[in-house]
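Note sheet for the following structure.
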Amino acid sequence: MQKGNIGVTTENIFPVIKKFLYSDHEIFLREMVSNAVDATQKLKTLAQQGEFKGELGDLTVHIALDADKGTITISDRGIGMTEEEIDKYINQIAFSGVNDFLEKYKDNANNIIGHFGLGFYSSFMVSKKVEIVTRSYKDGSKAVKWSCDGSPAYEIDEAEREDRGSDIILYLDDDCKEFLEKERIQQLLTKYCKFMAVPVAFGKKQEWSSEEKKMVDTTEDNLINNVEPLWTKAPSSLKDEDYTKFYRELYPMSDEPMFWIHLNVDYPFNLTGILYFPRIKSNIDLQRNKIQLYCNQVFVTDQVEGIVPEFLTLLHGVIDSPDIPLNVSRSYLQSDREVKKISTYITKKVADRLQAIFKEDRKQYEEKWDDLKLFINYGMLSEESFYDRAKEFALFKDTEGKYFTFDEYKTLIEGAQKDKDDQLVYLYATDKEEQYSYIQAAKDKGYSVLLLDGQLDVPAIQMLEQKFEKSRFTRVDSDIIDRLIVKDDAPKSNLTEEESANLSQVFRSQMPKMEKTEFMVEVQSLGAEQRPVVITQNEWMRRMKEMSRFQQGMNFYAQMPDSMNLVLNADHPLVKRVLDDCKATTEETLKPIESELKGQEARLAAIRQQQDKKKPEELTQDDKDMKAECEKTIEEQKHKKESVLSDFAAKNDIIHQLIDLALLQNGMLKGEALDKFLKRSVDLIK
């Protein structure tokens, strides 16, 4: 018997392994099975080289549980180890058998996935004792047994094993008994070993026994994995149904994918995989972490942000590369040049695939656009290089359901939709139903309106305004139609300044009080054929509020109230009627008020003119009191005037009806206000 200490520089290596080197205890099973697969792959390589002339036979790796003994055993029929190899590769932690093996057989090594050495020591995360019973494939080799109780001390002794290969026996810690549950091990094997390149079996397949009235074991191994997953096969040998079937295998509860990209490159790095385009209309975060990263068919992680550009994490599928640098646990990526090359390559392949589909079958592409739009917008917003490619196949969709490339749409609208400053105006709606009347008004003018109702359309608008020359986007309800695209100076109103002010006050006094909403009232000459009252919302302020949902540091805008404009059409007969009624009802009452107001305003102007000639320190208290008294009188008269106009407005059904119609058009009339509107409407019809 040989005894000794494992070659480490500190006795604390095991606590380090147990707590820090590996991010998750469950990773031990992947490492153990990976090592068994490595040993088996090594034997296959030696056989191909002619250095092993025996029968390969059944190469299945077996995992067995013994709840009574508290053990998990991982068995393989790979190359095994001699006592000298155990001493080199197990007792000397700094060495890795894989490195030596790869150096010798680098041109013909069968997918060696592990780092036998440190990977093996992950077993001590869950074990109080680990045994290796192994026998080398080499002629004349004897079986040996290595054991270690989690301290640097180990023992090597002779053992009994008829066949080549290794058994790794893990005696589980008391706090890791969960790994003695069959369902737990089945779950981990399915997660990490589902596509390993050597058959992996856990127990036996079961079938229903009518005699025992329960599921019983058969003699057939319960194989965990598919040794030839789809991404390892040549794309030319596969059909569409193969890809959709594999997608269902990866994501059993998902809808059918739209299409996919089969990655297959061996220079300047090795990369294979299949990326699927899922149907994504909204809720980006729920779609993430669906790409599975493999290293030579061994599951590594589904946190692939380090390898795949952020916007591509919306894709589903598999990436497999031995060239992605991983730490000992294979759980975290280290960013380096190779990773960036892979990221750039994947971005290019995705863009090329989208471009090809667009060119080959535009009709099919347009049918899928609503599902694709979120993904492409996200890509253009987050990756400059992707925008440069995507601008050729990104689409606009108008409110009539027609699709255009950016260039096509520009050509369509540049004749009619340039304002007086030669800016091209892209009109858009976010809801065809709610903004129907605004859309119709734009169409009546000969304008085209885009439908931008996607989750990332507002940030995309911000980006496109920077990319497009002399262009801006304006929502179709952000102003009255004649001011959406200003061709000439606005027509002057026929109303006097006082008439406009009175009309504004009449309507302003009856506007409802709404939480986080402010109404501004203005009077415009819009033509007798246009609506009497229109509510619009400032484009810039609304967009800033919407952008605050996507960008940190913009919460200030989110807290601000919605700024709405109530535009009164001075040319419309109903508005004129309101003004005439107002004059007839309030004129006599307002005469003395307005006379006093004008007199006091003239007096204030004279006081200011006189006092402006003096320096502040030269003003007497009497000067200040006289000015303050005049200002107070003016405010009192204004308040009286407003009260007279408000009293008139409160009793005028036409004013309330016009306001409610404008609110109704914008989905802002609800509850009691809507009920009053309906009753008033009936009364007006009688």
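The values are calculated or read from the model by the stated rules, or taken from the named source; none is laboratory data. Keep in mind that this is a model prediction, so the values were computed, not measured. Here Cβ is always computed from backbone atoms with ideal geometry, including for glycine, and neighbour counts include all displayed protein chains. Accessible surface areas use protein heavy atoms only, side chains included; no ligands, DNA or RNA. Shrake-Rupley method; radii C 1.70, N 1.55, O 1.52, S 1.80 Å.
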Hey, G140 free of Cβ contacts under 8 Å to residues at least 12 places away in the same chain and among the small types (G, A, S) or not: yes
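Tell me yes or no: at least one residue of the stretch 482-494 is in contact with a helix residue (DSSP H, G or I) (Cβ under 8 Å, 6 or more places away or on another chain), at pLDDT below 90, open to solvent by 20 Å² or more (accessible area, probe 1.4 Å) and of a type outside the set (G, A, S).
no
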Matching entry among E131, E160, E103 (being open to solvent by 70 Å² or more (accessible area, probe 1.4 Å) and either at pLDDT 85 or above or more than 45 Å from the chain's Cα centre (by Cα) (or both)): E160
Residue count for the stretch 140-177, restricted to those that are out of contact with any strand residue (DSSP E or B) (no Cβ under 7 Å at 6 or more places or on another chain), more than 13 Å from L29 (Cα to Cα) and not in a loop (DSSP other than H, G, I, E, B): 3
If we ask which residues in the stretch 661-672 are open to solvent by less than 50 Å² (accessible area, probe 1.4 Å) and either in a helix (DSSP H, G or I) or farther than 20 Å from M564 by Cα (or both), their number turns out to be 3
For the stretch 388-405, the count of residues that are buried (at least 19 other Cβ atoms within 10 Å of the Cβ), in contact with a helix residue (DSSP H, G or I) (Cβ under 6 Å, 6 or more places away or on another chain) and not hydrophobic (A, V, I, L, M, F, W, C) equals 2
V476 passes all but one of the listed conditions (1) modelled with pLDDT of 90 or more; (2) under 24 Å from the mean Cα position of the chain (by Cα); the exception is number (2)
Give the stretch 134-151 a look and list any residue that's farther than 24 Å from F52 by Cα and open to solvent by less than 20 Å² (accessible area, probe 1.4 Å), or say none. W146, C148
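Yes/no per residue for (1) open to solvent by less than 10 Å² (accessible area, probe 1.4 Å); (2) assigned to a strand (DSSP E or B); (3) without any contact (Cβ under 8 Å) to a residue 60 or more places away in the chain:
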| position | (1), (2), (3) |
| --- | --- |
| E408 | no, no, yes |
| V425 | yes, yes, no |
| Y428 | yes, yes, yes |
| V458 | no, no, no |
| Q462 | no, no, no |
| Q466 | no, no, yes |
Exception for S122 within (1) buried (at least 22 other Cβ atoms within 10 Å of the Cβ); (2) at pLDDT 85 or above falls at (2)
List pairs: first residue in the stretch 224-236 and under 17 Å from I63 (Cα atoms), second residue open to solvent by 50 Å² or more (accessible area, probe 1.4 Å) and in a helix (DSSP H, G or I) anywhere in the structure, Cβ distance under 6 angstrom, at least six positions apart or on different chains. none
Kindly list the number of the only condition in (1) at pLDDT 85 or above; (2) open to solvent by 10 Å² or more (accessible area, probe 1.4 Å); (3) more than 26 Å from L452 (Cβ to Cβ) that fails for S385. (3)
Restricting the search to the stretch 600-648, which residues are among the hydrophobic types (A, V, I, L, M, F, W, C) and surrounded by 14 or more Cβ atoms within 10 Å (Cβ to Cβ)? L604, I607, M626, C630, I634, V644, L645, F648
Counting only residues that are open to solvent by less than 20 Å² (accessible area, probe 1.4 Å), give me the strands (runs of 3 or more DSSP E) lying completely in the stretch 180-287 with at least 1 of them. 200-209, 259-265, 271-277
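Could you tell me which residue of the stretch 296-323 is surrounded by the fewest Cβ atoms within 10 Å (Cβ to Cβ), considering only residues that are in contact (Cβ under 8 Å) with a residue 40 or more places away in the chain and assigned to a loop (DSSP other than H, G, I, E, B)?
Restricting to residues being in contact (Cβ under 8 Å) with a residue 40 or more places away in the chain and assigned to a loop (DSSP other than H, G, I, E, B), the top hit is D323.
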Being open to solvent by 40 Å² or more (accessible area, probe 1.4 Å) and either at pLDDT below 90 or outside any helix (DSSP H, G or I) (or both) narrows it down to one of D675, D683, so name that one. D683
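Scan the stretch 37-66 for residues that are of a type in the set (S, T, N, Q), assigned to a helix (DSSP H, G or I) and in contact (Cβ under 8 Å) with a residue 60 or more places away in the chain and jot them down.
Of everything in the stretch 37-66, those that are of a type in the set (S, T, N, Q), assigned to a helix (DSSP H, G or I) and in contact (Cβ under 8 Å) with a residue 60 or more places away in the chain turn out to be T40, Q41, T45, Q48.
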When you look at D24, is it assigned to a helix (DSSP H, G or I) and modelled with pLDDT under 95, yes or no? no
For the stretch 374-382, indicate whether the set of residues that are open to solvent by less than 40 Å² (accessible area, probe 1.4 Å), at pLDDT below 95 and touching a Lys or Arg at 6+ places or on another chain (Cβ under 7 Å) is non-empty. yes
Exclusive hit being among the β-branched types (V, I, T), at pLDDT below 95, under 26 Å from S437 (Cβ atoms) and part of a helix (DSSP H, G or I), set I655, I607, I593, I634: I655
Residues that are in a strand (DSSP E or B) and crowded, with 17+ Cβ neighbours inside 10 Å, drawn from the stretch 510-542: F519, V521, V523, Q524, V533, V534, I535, T536, Q537
Please go through the stretch 169-179 and give me each residue that is open to solvent by 10 Å² or more (accessible area, probe 1.4 Å) and modelled with pLDDT of 95 or more, ordered by number. I169, Y171
Out of curiosity, is K638 basic (K, R) and touching a residue at least 12 places away in the same chain (Cβ under 8 Å)? yes
Could you please let me know if P268 is within 30 Å of F120 (Cβ to Cβ), at pLDDT below 90 and over 23 Å from the mean Cα position of the chain (by Cα)? no
Which one of these is aliphatic (A, V, I, L, M), touching a Pro at 6+ places or on another chain (Cβ under 9 Å) and crowded, with 18+ Cβ neighbours inside 10 Å: L658, L597, L590? L658
Residue count, the stretch 456-491 (criterion: out of contact with any Leu (no Cβ under 6 Å at 6 or more places or on another chain) and among the polar types (S, T, N, Q)): 3
